[in-house]
Amino acid sequence: MRTTTARRLLLATTALLPVLALAACGSDPKAASPGAGQQAASAAAEDLVSGIKKSDTAAALLPADVRSAGTVKFGSSIGAPPTAFYVDQATKKAAGVDIDFTDAVAKVLGLTVQREEAAFETILPALGSGKYDVGTGNFGVTTTRLKTIDFVTYIDDGQGFAVKKDNNSIEPVTDLVQLCGRTIGTGAGTTFETTLNAKKSVCTDAGKPPFEVKAFSDTGAVLTSLQQGRVDLVMSTINGLRYQAAQEASGTRFLGEFHRLDVGFAFKKGSPLTPAFQAAVNQLIKDGSYERILKKWGVADSAIKESQISPPEHA
């Protein structure tokens, strides 16, 4: 994600051609075959947000200056379906789970979203500097992040693995010792990279060759590395890998869940915005909008019963 937007989108398109061509980079729809591209674009066209009503009770929890300004600055990572992607690169029309929940919460609070695309690994540090008020990027709640970041949870996702569809030699990963001697591709600056690097000693402790971690800054490059055989398997979000595996042209097989994580809107530690955002998410759960958004993107399994502010990491 350190490269330009154009390069990242080109890599993502290459990785998922032809099925994600339309969804990932807004290319000519005639160039996209049926599959994830049309599926994602079709979902994006379903408007579940514009009819959401403002909650005066939730809005009253906002700091007075924010209510007066009426805007909140979001730093958002835009990658691939179903989390966040561009339906149309030319107009920068974004869609996905993160986009819908951001816009829905803003409607409840009576705010206007000022969204700026940012590289995933730059968003959390930028919260502390005040560049953004809120960050979105399918950020998992971890013990390490909680030291400097507050979260308002809105879904439950987490870590999973995938392999090439024709690879039957790797079983569902329940212990990282199963990865010894293999090469794993993942995203730079993610919880996946942190988890893998922190646990490398499990192999040497077991008297086995270590696994190798290859971290990529470009979203599409992770899948490309798997398709080209440069890595044996990839570690990424449960929802993202499931969605990907459901698209025939991706050529991947979802191995299963490894570790669940709460996912939330990210704020600098001590942000006064968190109570209002929590109330807004809970209002969406109460009025049914929350469930409708999850079903729209095929991630109903990620539902939470109630939003929390900075809960401890899942055991």
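The values are calculated or read from the model by the stated rules, or taken from the named source; none is laboratory data. Predicted, not measured: the structure shown is a model, and the values here were computed from it. Neighbour counts are summed over all protein chains in view; Cβ atoms, including those assigned to glycine, are modelled from backbone coordinates with ideal geometry.
Quick notes
- Restricting attention to segment 184-210, the residues that are touching a helix residue (DSSP H, G or I) at 6+ places or on another chain (Cβ under 9 Å) and farther than 24 Å from residue 138 by Cβ total 8.
- Count - residues of segment 134-171 that are crowded, with 21+ Cβ neighbours inside 10 Å and part of a loop (DSSP other than H, G, I, E, B): 4
- Per the listing 217, 201, 236, the residue uniquely more than 28 Å from residue 155 (Cα to Cα) and of a type in the set (S, T, N, Q) is 201.
- Residues that are in a strand (DSSP E or B) and free of Cβ contacts under 8 Å to residues at least 60 places away in the same chain within segment 172-190 comprise 183, 184, 185, 186, listed in sequence order.
- Any hit, segment 85-105, residues being in the same structural domain as residue 55 (by TED's automatic domain parsing), surrounded by fewer than 18 Cβ atoms within 10 Å (Cβ to Cβ) and touching a Lys or Arg at 6+ places or on another chain (Cβ under 8 Å): no
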